Amino acid sequence: MITAFLVALMFAGLMMIQTSFLPRLALWGFVPNLVLISFLLFHLSPAFRNRYGMFSAVAAGLLLDFVSGRFFGMWVLILLAASFLLEEFLSRYVRTPAIS
């Protein structure tokens, strides 16, 4: 439960940085989507992927939906689909070494 709260807090902090500070530092009109990048990196970590994969998709999607001007729920659906596809791809084609 504490880890899920910390994940949501991390996404909220990245969202605040992304919407308030990074637009002033945009290079060639490009502002990186920190929440999406951290979501993808979060899914590449085998320790967190199995337990908090779908939760991270919903938390990141809700935060992105709050600040986007698009339909509410669009980012949640996109990230849930990405989470499912990443899980399937990583479970079928990628073997992570077991540390014993």
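In table form, for the structure just shown:
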quantity: Over the chain, relative contact order from alpha-carbon pairs under 8 Å, at least 6 apart, %; calculated: 23 percent
quantity: Calculated on alpha-carbon atoms, Rg and Dmax of the chain in Å; calculated: 14.6, 47
quantity: Karplus (6.51, -1.76, 1.60) ³J(HN,Hα), θ = phi - 60°, over segment 11-24, in Hz, Gly and Pro reported as x; calculated: 5, 5, x, 5, 5, 5, 5, 5, 8, 9, 9, 5, x, 6
quantity: Globularity index of segment 42-98, i.e. its alpha-carbon radius of gyration over 2.2 N^0.38 Å; calculated: 1.24
quantity: Estimated distance in nm for a label pair at F71 and F84, the labels positioned 7 Å out from Cα along Cα-to-Cβ; calculated: 1.6 nm
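Read the figures in this text as sums done on the coordinates, not as results from a lab. Note that the coordinates shown come from a computational prediction; the quantities given were computed from them, not determined experimentally. Please note: Cβ atoms are built from the backbone with ideal geometry, for glycine as well, and neighbour counts cover all protein chains shown.
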